[in-house]
Amino acid sequence: MYCPPSPLPPRLHKAGTYTNCYTGDTWDAGDCPDPVACAKNCALDMAKGDYPTTYGATISGDSVALKFVTKTPQGANNVGSRTYLMDSPTEYTMFKLLNREFTFDVDVSTLPCGLNGALYFVEMDQDGGLAKYPGNAAGAKYGTGYCDAQCPHDIKMINGEGNILNWTKSPTDPSSGTGAYGTCCTEMDIWESNSISQALTPHTCSVETQTRCNGIDCGDNDKGQRYDGVCDKDGCDLNPYRMGNKTFFGPGANFVVDSTKKMTVVTQFITSDGTDTGDLVEIRRRYVQNGVTIDSPTFTLGGKPYDSITDEMCVAQKAAFKDTDRFTTHGGLKSMGASLGRGVVLVMSMWDDHDVHMVWLDSNDPTTGSADTPGVARGSCAITTGNPTDVEKNSPDATVTYSNIKVGTIGSTTPSGPTPPGPTPPGPTPPAPGPPSGCPGGSLSACIALCPSTPPVAYQDCVQDCVKRCS
């Protein structure tokens, strides 16, 4: 299942001309005196030939390869890219993943420390916001409507308006900056990886679909508001190295999954009742390499074994690593499943990290922490290796290749390995809120599965009550 990707970040120029509205890291004040006028005066476009020559994206059969640094015809360097799977020339492909598994092949063999070949789902509008926002005349054809759980501020057009207010140039990236607005939505990170480390991470949000944020709702790091926004920026990550298994994934035959070779990655979204409408209660991961099926390794948190993502595992992880738990308070797997049920868009990207140099994926985070402290070590990379200046200079030809994308019922997309057992049926309905007095359902995940999905406040109160009673 593969269609040509939608346009990567297209050119933004004055309508009817090829004079840029945005050059380097600066908006043209004449074309963009205010957000509405900016969208009216400026147009998005790109040529089909821009894929390989400007953005380093090439298609062959069922695969797409994203090259890290590309010398453009104008002599500048394009760094990284983000592209989407299309259902038609004007609409993104919408995936509904409850009670399904999503499978793809990937090659990250040339990706060093500090790079991230990412494949993930976000709850964008299928038409890129074309119908919803009058100022958006471009739509999915030109890659509009992007959002994720980090509520990024560097997106130049949000909700059909220029993101020019309080635009601040990036101190480290000569072609980027940030505006007052961010663009938020639930994000399911299927795959964030280089040749050293990889992670599977759901990020929940208290908002549905793409939502423009301003102020505290964005949860901006530089304002000390990371845990105050509408989205869970940390997520509940399953990184084998961070969980203590340092020989599961990496370059060479000494690792169970050898990152120097192509692999098949299978992610299963298991519901409470085994139907397409049930609550999401578990996310499981397995790999196939050299014809061998490899299950995720078992790890221990709080004295209990886990090998997948469940609400109980996420609470235990946050406690063991002393992390702030916004995954649970933003709804946990039930909230994540609601988003996957409404429909999400597939994003494939290649990027480096100007903020924290990708240490959260492949090194120590925080960088001042000891690698012996549970949860600090995410990979074997030194904390000095992810500087974008160095990575762009030393590894410009690094390329990630995604191919053979499939989605189907649990156990259907790969020929090997049995279907995992279904979840245990939930127990009785929790009693009315009160002081802690036992664990309804018998476990944290079962208790949370019993919580009402609406209104959101009631759901969050119920989840917190479950955490008190079951942790």
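The values are calculated or read from the model by the stated rules, or taken from the named source; none is laboratory data. In this text, all values refer to a predicted model and were calculated from it rather than measured experimentally. Positions of Cβ are generated from backbone atoms using ideal geometry, with glycine treated the same way; all protein chains shown enter the neighbour counts.
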> Do you know which residues across region 299-320 are touching a residue at least 40 places away in the same chain (Cβ under 8 Å) and exposed (fewer than 15 other Cβ atoms within 10 Å of the Cβ)?
Replying inline: THR300, ALA319
> Is it the case that some residue within region 125-148 is under 24 Å from SER193 (Cα atoms), touching a residue at least 12 places away in the same chain (Cβ under 8 Å) and of a type in the set (Lys, Arg)?
Replying inline: no
> Do you know which of the residues in region 359-385 that are under 18 Å from LEU200 (Cβ atoms) and over 14 Å from the mean Cα position of the chain (by Cα) is surrounded by the most Cβ atoms within 10 Å (Cβ to Cβ)?
Replying inline: ASP362
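Listed here are the residues, each with its yes/no results for (1) under 20 Å from the mean Cα position of the chain (by Cα); (2) within 14 Å of ASP397 (Cα to Cα).
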{"position": "THR70", "(1), (2)": "no, yes"}
{"position": "PRO73", "(1), (2)": "no, no"}
{"position": "THR83", "(1), (2)": "yes, no"}
{"position": "MET94", "(1), (2)": "yes, no"}
{"position": "LEU97", "(1), (2)": "yes, no"}
{"position": "PHE102", "(1), (2)": "yes, no"}
{"position": "PRO112", "(1), (2)": "yes, yes"}
{"position": "TYR120", "(1), (2)": "yes, no"}
{"position": "GLN126", "(1), (2)": "yes, no"}
> Given the conditions (1) without any contact (Cβ under 8 Å) to a residue 60 or more places away in the chain; (2) within 30 Å of ASP390 (Cα to Cα), which single one is not true for THR83?
Replying inline: (1)
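So, LYS233, is that one surrounded by 15 or more Cβ atoms within 10 Å (Cβ to Cβ) and on the phi < 0 side of the Ramachandran plot or not?
yes
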>> Regarding region 106-114, can at least one residue be identified that is touching a residue at least 60 places away in the same chain (Cβ under 8 Å) and either within 30 Å of ASP279 (Cα to Cα) or among the acidic types (Asp, Glu) (or both)?
In response: yes
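In region 120-172, how many are of a type in the set (Ser, Thr, Tyr), assigned to a strand (DSSP E or B) and over 25 Å from PHE269 (Cβ atoms)?
Going residue by residue through region 120-172, those that are of a type in the set (Ser, Thr, Tyr) are 120, 133, 142, 144, 146, 168, 170, 172.
Filter again for assigned to a strand (DSSP E or B), leaving 120, 168.
Retained after the next criterion (residues that are over 25 Å from PHE269 (Cβ atoms)): 168.
Residues meeting the conditions: 1.
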> Can you spot a residue in region 201-211 that is touching a helix residue (DSSP H, G or I) at 6+ places or on another chain (Cβ under 6 Å) and surrounded by 23 or more Cβ atoms within 10 Å (Cβ to Cβ)?
Replying inline: yes
>> Can you pull out every residue in region 261-276 that is farther than 24 Å from PRO415 by Cβ and either among the small types (Gly, Ala, Ser) or in contact with a Gly (Cβ under 7 Å, 6 or more places away or on another chain) (or both)?
In response: SER272
> In this structure, is SER296 crowded, with 18+ Cβ neighbours inside 10 Å and in contact with a Lys or Arg (Cβ under 6 Å, 6 or more places away or on another chain)?
Replying inline: yes
>> Can you find a residue that is touching a Leu at 6+ places or on another chain (Cβ under 9 Å) and closer than 28 Å to GLN126 by Cα anywhere in region 240-263?
In response: no
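Could you go through region 371-380 and let me know if any residue there is in contact with a Lys or Arg (Cβ under 7 Å, 6 or more places away or on another chain), under 30 Å from ALA57 (Cβ atoms) and in a loop (DSSP other than H, G, I, E, B). Lay out the reasoning, then the answer.
Taking region 371-380 and keeping what is in contact with a Lys or Arg (Cβ under 7 Å, 6 or more places away or on another chain), we get 375, 377-378.
Pick out the ones that are also under 30 Å from ALA57 (Cβ atoms) and you get 378.
Narrowing further to those that are in a loop (DSSP other than H, G, I, E, B): 378.
Looking through region 371-380, at least one residue is in contact with a Lys or Arg (Cβ under 7 Å, 6 or more places away or on another chain), under 30 Å from ALA57 (Cβ atoms) and in a loop (DSSP other than H, G, I, E, B).
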> strands (runs of 3 or more DSSP E) wholly in region 291-357 with at least 1 residues that are in contact with a strand residue (DSSP E or B) (Cβ under 7 Å, 6 or more places away or on another chain) and farther than 30 Å from LYS141 by Cβ - which ones?
Replying inline: 292-295, 299-301, 304-306
>> When you scan region 185-199, do you find a residue that is over 30 Å from PRO251 (Cβ atoms), outside any loop (DSSP other than H, G, I, E, B) and not aliphatic (A, V, I, L, M), even just one?
In response: no
> Of these, THR454, THR385, THR409, which one is touching a strand residue (DSSP E or B) at 6+ places or on another chain (Cβ under 7 Å) and either at pLDDT below 95 or not hydrophobic (A, V, I, L, M, F, W, C) (or both)?
Replying inline: THR409
